[in-house]
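Structure first, then comments.
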Amino acid sequence: MNKFKPLGNLLLILILFCFCLNIELTNQINRINLFNSSVDIRRFEIIDTKLEMAPWYNPILNGHYIIHQPTADFLLVKSTDSEFIAADANKLILMTLTSPINFIIVCIVLFGFFSLLCKERKKASYHKKIAQLNTNANELLNAFNLQVEPDNSSGLSNLSHSINSLNIHVATYLKQTQTSICQDKLTLLIDRHAYIEHIDRQINFTDKENLKCALLFIDLDGFKQVNDSFGHSFGDEILVQVATRLANVLRHHKLSNINGANQLEQNLSRLGGDEFSIFIESVDTENKVIDIAKHVLSELEKDFVLGNKIVKISASIGIAAYPESASTPQALLQLADVAMYRAKSDGKGIFKVYSPEMGNKMRRYHYLLEELRLAVACKDFYLSFQPIVHVEDCMIEYFEALTRWDHPIEGMIAPSEFIPIAEESNLILELGDWIMYESCRQMAAWHNAGMRKVKISVNVSGVQLKHRSIFEWVMKNLKNTGLPSHSLMLEITESTFIKASKGMIEELERLREHGVTIAIDDFGTGFSSLSTLADLPIDVIKIDRSFISQADKSQKYNDILNIISELGQKLGLKIVAEGVEEIEQFELVKRMGVSSVQGYLVSRPESSANVGNKVLRKNTGNLFAAGTSAWEIT
């Protein structure tokens, strides 16, 4: 229908033009001078002349009378009683067409026509563009798999409808994308990056308002055992339940802060692994943070039910406050982490508030860690050897190899300080390789010099047992150093034995079959059962020094020590008392039937040179005859 609209407009303009010509023709007729006119004027007798009205379909002559003559048609100009006065129709029309007013009318009509034509062209172009935009919009809708009900009212309406649908889809997509970027996929909490950004914004706000904030760093205790025992899918479900419980804590204490853009809780985050954090935007009461920490511990100590299994875990919490502890989000999180590790080291299942002393300890830890890496790479260690002697004749039975670190700046650093760091960082693997090789090499030299019945005792950590094939590792070192297997004893702590896998126990049993002696170290501190002790592949029990130091002061410790001695004798195990520093302690363990002693009363750890001077040079005759020698107690 729109196609014929321009033709209709053109026809209307033509009709109006003809109507204007008709008016101008009438004016021309009225202005004719009958006595002096340039138009052919004729007079016709009324009786002999026939007048005819101009046909209705001729708009120019409409309303005028025509006299038809053979040579031309005449328009009636005037009539009298006896005659008609008429003018040549063609000349009148020509005069009308060439009149000034008609020229103006023609110009106006042409201007209107071309204006209308341009308008129609623009409109057609506009509709074409709208159609193209609709096509493009439909392609986008199809690309996004969006279904839109078509609107037949107009192309512009369809386009508007499509654009609205696309806007809604884009807004939804942006929201989902923003949520996905800053959200932990498992627990649906915000991640570490978004959490730190939120804390940064809040700290800037609280700095202006002079408010106090606090941060809880929450780490699950025993979660690794859950993963190892039941699998990672089971552990993931635990993490989801933990997130739900922590969200309930936030709602209970009215700590929630929902992001308007992505509708995520901003004051609760899963930092990674089994680590979570709660940010308290305003600490308005003295005990608020403590109450929240206690509530978190209480919630996480409740049973976790998954299917037909019930799991119990706990959490350790570190707390850092702004601005007392730190002034930036990263520092606040780091110091809360430090406090959390203190909570773990102090027993787990508790919370600790950060103090500067904790920061000093952490800085010391990282300093020693970096120094330890360099020392391990450069092998800046040496071994000392502490003798273990028989209580009856002080004959040497073992030398325990002890690692010493003489730092160029710090001086001597105690093994109790650097060995745990080495174990946590796995540096104990490389350090342990060096200790085992050097111990076997030194003992091989002493063995060849006559100490054929003396064993070297080397401490082996749980980290080494986990990452090394203990049988192949030990046998390789024995082969490389030429030390007989019966001249080596491995010391493994009671706590490590309790956690040892079946495969580790089998490898230790193979070592025993090849002649290597296995000792359980620090016995009495790991809470092992008697049935466990009976099943372990061990030959020697080393009683922890805490029992020796308390035995002459407490009857209970005395009784426990006596029971351990009797138990070892019945199981056919050799008993070694550690930490004997006084003659009274020596006499006590001797009366109880303990076969061997070790401690400062016998000797402090000695260098290999001093051992050589005391044993090899002074007792050469007895050494070759007996394969060992008495240690001189000074």
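No lab work stands behind these numbers, since they all come straight from the coordinates. Note that this is a predicted model, so its numbers are computed, not measured. Glycine gets a Cβ as well: all are built from the backbone with ideal geometry, and neighbour counts include every protein chain shown.
With a Cα cut-off of under 29 Å and a minimum spacing of 8 residues unless on different chains, the lysine pairs in the stretch 535-618 number 18. Counting only C-alpha contacts under 8 Å and six or more residues apart, can you give the relative contact order of the stretch 2-98 as a whole percent? Worked out over the stretch 2-98, it gives 28 percent. Between G347, A321, L335, the Cα set farthest toward the positive side of the dipole of the stretch 225-347 (charges on each charged residue's Cβ, about the Cα centre) is that of G347.
For the residues D219, D73, D200, what sequence is obtained by ranking on other C-beta atoms within 10 Å, fewest first? Before the final figure, lay out each step's value.
Numbers: D219 21, D73 17, D200 14.
Starting with the residue having the fewest Cβ neighbours, the order is D200, D73, D219.
Descending by average beta-carbon neighbour count within 10 Å, the peptides 248-261, 565-578, 413-426 line up as 565-578, 413-426, 248-261, the highest first.
In units of the compact-protein estimate 2.2 N^0.38 Å, the stretch 182-354 shows a Cα radius of gyration of 0.99.
Give, as ranges by residue number, the residues of the stretch 555-594 whose backbone N falls under 13 Å from the point 7 Å along Cα→Cβ of E392. What the label zone holds, given the 13 Å backbone N cut-off, is 593-594.
Summarising the amide proton neighbourhood of Y398: residues at separation of 5 or more, or on other chains, whose placed amide H is nearer than 5 Å comprise I388, K455.
If you take the Cα centroid of the stretch 22-81 and the Cα centroid of the stretch 289-368, the two points sit 116 Å apart. Over all other residues within a Cβ to Cβ distance under 13 Å of A551, the charged ones net out to -3, with Lys and Arg as +1 and Asp and Glu as -1.
Of the labelled figures (i) 45; (ii) 56; (iii) 50, only one reflects percent of Cα pairs over 44 Å apart as derived from the coordinates, namely (ii).
Let me test this: with uniform point scatterers at the alpha carbons of the stretch 302-364, what is the Debye-based log₁₀ I(q)/I(0) at q = 0.15, 0.23, 0.29 1/Å? Values, matching the q order: -0.51, -0.85, -1.15.
In this rough spin-label picture, where each label sits 7 Å from Cα along the Cβ direction, the T285-E584 distance is 5.4 nm. A simple packing score, the average count of other Cβ atoms within 10 Å per residue, orders the peptides 487-495, 49-57, 584-592, 223-231 as 487-495, 584-592, 223-231, 49-57, with the highest score first. FRET efficiency for the L567 to D406 pair, using the beta carbon distance and R₀ = 56 Å, is estimated at 0.90.
Determine the sum of side-chain charges near D406: Lys and Arg each +1, Asp and Glu each -1, restricted to other residues whose C-beta is under 14 angstrom from that of D406. Value of the local net charge: -2.
Quick note on the stretch 373-466: its Rg to Rh ratio, both from C-alpha atoms and Rh being the Kirkwood radius, is 1.02. Any idea how far apart L146 and S469 come out in nm if each label point goes 7 Å out from Cα toward Cβ? Roughly 6.2 nm, to one decimal.
For the stretch 2-98, what is the per residue volume of the convex hull drawn over the alpha-carbon atoms, in cubic angstrom? Working shown, then result.
Working: hull volume 10.4 nm³, N = 97.
Convex hull of Cα atoms, per residue: 108 Å³.
Each Lys and Arg adds +1 at its Cβ and each Asp and Glu adds -1 at its Cβ; summed about the Cα centre, the chain shows a dipole of about 1540 debye.
Each residue of the stretch 314-322 was assigned a 3J(HN,Hα) from its phi angle through the Karplus expression (A = 6.51, B = -1.76, C = 1.60, θ = phi - 60°), giving 9, 9, 10, 10, x, 10, 10, 10, 10 Hz with x at Gly and Pro. Were the residues from A534 through S82 laid out at 0.36 nm apart, the gain over their Cα-Cα distance would be 146.9 nm. Positive-end ranking of Y57, A449, T525 along the dipole of the chain, with charges on Cβ about the Cα centre, is headed by Y57. Computed from backbone phi with θ = phi - 60° and the Karplus coefficients 6.51, -1.76 and 1.60, the 3J(HN,Hα) list for the stretch 240-246 is 5, 5, 4, 4, 5, 5, 5 Hz; x is used for glycine and proline.
Amide H to amide H, with H built 1.01 Å from N, K212 comes under 5 Å of V283, counting only residues 5 or more places away or on other chains. For the stretch 450-467, backbone phi angles converted through the Karplus equation (6.51, -1.76, 1.60; θ = phi - 60°) give residue-by-residue couplings of x, 7, 7, 9, 9, 10, 9, 9, 10, 7, 10, 8, x, 5, 5, 4, 6, 9 Hz, Gly and Pro being listed as x. Amide H to amide H, with H built 1.01 Å from N, D184 comes under 5 Å of L189, I190, D191, counting only residues 5 or more places away or on other chains.
Expressed in nm to one decimal, what extension gain is obtained for the pair D40 and Q225 from 0.36 nm per residue of sequence separation less their Cα-Cα distance?
Values: separation 185, 0.36 × 185 = 66.60 nm, distance 12.49 nm.
Gain in length upon complete extension: 54.1 nm.
Label separation (N610 vs H295): 6.0 nm, computed from points 7 Å beyond Cα along the C-beta direction.
Between A626 and N426, take the C-beta separation as r, use R0 = 35 Å, and let me know the FRET efficiency to the nearest 0.05.
0.25
Each Cα pair under 8 Å and six or more residues apart adds its separation to the average, and for the chain the resulting relative contact order is 8 percent.
Summing Lys and Arg as +1 and Asp and Glu as -1 over all other residues whose Cβ lies under 15 Å from the Cβ of A343 gives a net charge of -2. Cross-link partners for K309 among the lysines, with Cα-Cα distance under 30 Å and sequence neighbours closer than 8 places in the same chain left out: K185, K224, K294, K344, K348, K466, K499, K502.
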